[in-house]
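The values are calculated or read from the model by the stated rules, or taken from the named source; none is laboratory data. Predicted model only: the values in this text are computed from it and were never measured. Glycine gets a Cβ as well: all are built from the backbone with ideal geometry, and neighbour counts include every protein chain shown. Quick note on the areas: whole protein, heavy atoms, side chains included, nothing else; ligands and nucleic acids left out. Shrake-Rupley method; radii C 1.70, N 1.55, O 1.52, S 1.80 Å.
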Amino acid sequence: MSTIVFLGGGRITSAMLAGLRLAKTRHRLVVHDRNPGKLRDLKKRYAVAVEPDLNSAVKQADVLIVAVRPSSVRKVLRAVGNAIGSPIGNRTGNMSRPLLAVSLAAGVPLRQLSKLVGSPLQWARAMPSPLCRSGRGLTAMTFPRTLSRANRKGVQNLFASFGQVVEIPESKFDAFTVIYSCSHGYHALATLARTGQAAGLDRNTALLASAHALADGIIAWRDGKDSLGTLVEEAVTPGGIASATVTKMDAAGYGRAVRQGVAAGLRRARANAGK
Ligand SMILES: NC(=O)c1ccc[n+]([C@@H]2O[C@H](COP(=O)([O-])OP(=O)(O)OC[C@H]3O[C@@H](n4cnc5c(N)ncnc54)[C@H](OP(=O)(O)O)[C@@H]3O)[C@@H](O)[C@H]2O)c1
C-alpha cells in the first residue's frame, strides 16, 4: 500500500477519488487544497485524509498527483520544491528518497515539470477524464525514458483501477487531450437535444432520443466486431431520412467545425506549456 497525495482537490481529483473508492483501492489517499471547504467535502464524500499544509502533504507522499490548473502549476511546484528542500521535507531532514510525481496539467510538458522541480522528483504525465468516476475511464500516460519499469507499472496500475490505460508518446499527448474529452459527447448531446426541442419534442424526450442516438451506436461499435463503415451502412438507408440529415450536416461544415474546435484546443495546450 502506498500513500497517494493529490495536490489540488477540484473536479478531476474528486472524480479520481470516486473511481478509486469504487475500485476499493488499498492505497492511502490524502488531498491538499487551499480551500478548507473543498477539503471538508472530499473528506466527507470519499473518506480521505486531508492536509491543508503542503509541506506535510508532500512529506507523506509515495506518489504525488499534481491536479491544479495549468496556470497554478508553477506556484504549487515552487512550494513543493521548498517543501522538499526544507528541514521538514522528510521525517529525517531534507528529502532524498525518490518521489514519483504525476502531472495531470493539460499541455505542461515533462521538461517544464522537471525544470520546476527536479530530483528527487521523477515525473510522469497522465490524462484521465471525469468518467473515471464510474470506473469506465480512459487515461493516457506518458513517461520519460529514464523512469524505471517498476515505477511505470505502479502508476499504470493506479490509473487502471478506474478504466483503460494507454501509453502514448509525449509528442502526441496534446492531440489526445483535445480529442479525448467527454465534453465532446455532452456538447453533441446538448446540441442535438436543443435541435430536437426546436423541432417540437419536449425536453425530456429530446434528451432521451439524442442520448440513445449518440451513445448506443458508439457502444455497439466499441463492444462489437463490425467496422464503423458496416454500421453506418446499416443505419443510413440511401435516399432516406438519416442520409438526408448527415449529408446536409457535412455540407454545412460539420467536419470543418470539428477541425476548427480541435485546432483551438491544441493552441490552448501549447499556450499552457508556456505558463
Ligand atoms: N477536469 C477535468 O476533466 C480534467 C481532466 C484531465 C486533466 N485535468 C487537469 O487537471 C488539473 C485540475 O483540473 P480541475 O478541473 O480539477 O481544476 P479545478 O477544479 O479548478 O481544481 C484545482 C484545485 O486546485 C486548487 N489550487 C490551485 N492552486 C493551488 C495552490 N497553490 N495550493 C493549493 N491548491 C491550489 C484550486 O483552488 P482555487 O479554486 O482556489 O484556485 C482548486 O481547488 C488541470 O491542470 C487540468 O488540466 C482536468
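I'd like to know if the range 2-20 contains one or more residues that are in contact with a His (Cβ under 8 Å, 6 or more places away or on another chain) and open to solvent by 10 Å² or more (accessible area, probe 1.4 Å). Before the answer, list the steps.
At the first step, the residues of the range 2-20 found to be in contact with a His (Cβ under 8 Å, 6 or more places away or on another chain) are 2-9, 20.
Remaining after also requiring open to solvent by 10 Å² or more (accessible area, probe 1.4 Å): 2-3.
Within the range 2-20 (the criterion being in contact with a His (Cβ under 8 Å, 6 or more places away or on another chain) and open to solvent by 10 Å² or more (accessible area, probe 1.4 Å)), the answer is yes, since at least one residue qualifies.
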Yes or no: SER71 open to solvent by less than 10 Å² (accessible area, probe 1.4 Å) and of a type in the set (Ser, Thr, Tyr)?
no
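Among the residues of the range 180-188, are any of a type in the set (S, T, N, Q), away from the ligand (no atom under 14 Å from the Cβ) and surrounded by fewer than 16 Cβ atoms within 10 Å (Cβ to Cβ)?
Looking only at the range 180-188, we keep the residues that are of a type in the set (S, T, N, Q), and these are 181, 183.
Now drop any that are not away from the ligand (no atom under 14 Å from the Cβ), which leaves none.
No - not one qualifying residue is present in the range 180-188.
Can you go through VAL178, VAL165 and tell me which one is within 16 Å of the chain's Cα centre (by Cα) and under 22 Å from HIS27 (Cα atoms)? Give the steps one after another, and end with the answer.
Working: VAL178 fails: under 22 Å from HIS27 (Cα atoms).
Just a single option satisfies the conditions, and that option is VAL165.
Given the range 1-65, what helices (runs of 4 or more DSSP H) lie entirely inside it while holding 2 or more residues that are away from the ligand (no atom under 11 Å from the Cβ) and under 25 Å from GLY118 (Cα atoms)? Spell out how you get there, then give the answer.
Details: elements: 11-22, 36-46, 54-60.
Passing ranges, in order: 54-60.
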